[in-house]
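As structure tokens, the structure follows; a few thoughts come after it.
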Amino acid sequence: MLMREGICAGRGRLEVRTNFGYSIKTRTMKASMRHKHYNLPGCSVEAALEAIGGKWKGGILFHLLGGTKRFSELRRLLPGITQRALTQQLRELEYDGVVHRKVYAQVPPRVDYSLTALGQSLKPVVKLLEQWGDRYQSEKQDKIRKAAKSTTVVSSSR
């Protein structure tokens with residue numbers, strides 16, 4: 001059977017399609033950077049956030065600072081993340097050169113993830129974000145406590 005394959009890159013997805021119209025392989029990759037030019041003031045921040053921004057990337061980077069992790073370990077360390085979301089975020093980090101993926105040819109399959117030199121250079125940034133997040137959460141909790149104290153509950157007895 002002769003099958004033609006076509007590659008479709010759009011909306012950040014790369015799909016290989018057969019002439020039957022169904023996807024036989026889907027890989028999520030960033031097709032290009034959001035902005036064409038990062039030479040204006042503040043644009044370096046946008047470029048950095050594009051590489052490490054995402055709902056789960058901060059947590060992934062934080063846990064990989066502790067050393068090499070397997071996919072299942074990361075999944076356990078990030079409660080609430082789906083397998084698909086973790087795979088997508090890891091692929092994007094790998095594509096951006098922040099994470100290294102090592103596949104072992106064994107049964108069952110084993111894949112290890114670690115930070116590249118570029119990823120290791122994010123250590124001070126991630127640690128500062130952790131400190132800022134702790135402070136932010138503490139201040140937010142203080143605000144909630146103060147609001148709860150200032151709110152008086154009036155109870156009526158009949």
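The values are calculated or read from the model by the stated rules, or taken from the named source; none is laboratory data. Since we're looking at a predicted model, the values are computed, not measured. For neighbour counting, all protein chains shown are included, and Cβ atoms are generated from backbone atoms with ideal geometry for every residue, glycine included.
Things worth noting here:
- For segment 69-81, taking the residues that are in a helix (DSSP H, G or I) and not polar (S, T, N, Q), the one that is nearest to ASP112 (Cα to Cα) is identified as PHE71.
- Residue within segment 69-78 that is of a type outside the set (Ser, Thr, Tyr), surrounded by 14 or more Cβ atoms within 10 Å (Cβ to Cβ) and within 17 Å of LYS123 (Cα to Cα) present: yes
- Among the residues of segment 61-86, the ones that are under 24 Å from ALA47 (Cβ atoms) and not aliphatic (A, V, I, L, M) come to 2 in all.
- Per-region count, segment 105-119, residues without any contact (Cβ under 8 Å) to a residue 40 or more places away in the chain and surrounded by 10 or more Cβ atoms within 10 Å (Cβ to Cβ): 2
- All positions within segment 48-63 that are assigned to a helix (DSSP H, G or I), closer than 25 Å to TYR104 by Cβ and out of contact with any strand residue (DSSP E or B) (no Cβ under 7 Å at 6 or more places or on another chain): LYS57, GLY59, ILE60, LEU61, PHE62
- Tallying residues that are without any contact (Cβ under 8 Å) to a residue 60 or more places away in the chain and either in a helix (DSSP H, G or I) or buried (at least 19 other Cβ atoms within 10 Å of the Cβ) (or both) within segment 82-102 yields 11.
- In the set (1) within 24 Å of GLU50 (Cα to Cα); (2) in contact (Cβ under 8 Å) with a residue 40 or more places away in the chain, the condition left unmet by GLY66 is number (2).
- Where a residue in segment 126-140 is assigned by TED's automatic domain parsing to the domain that holds GLY66 and its partner, wherever it lies, is assigned to a helix (DSSP H, G or I) and surrounded by 11 or more Cβ atoms within 10 Å (Cβ to Cβ), with Cβ under 8 Å and at least six apart: VAL126/GLY58; VAL126/LEU61; VAL126/PHE62; LEU129/GLY58; GLU130/PHE62
- Being at pLDDT below 50 and either exposed (fewer than 13 other Cβ atoms within 10 Å of the Cβ) or not in a loop (DSSP other than H, G, I, E, B) (or both) is not true of GLY66.
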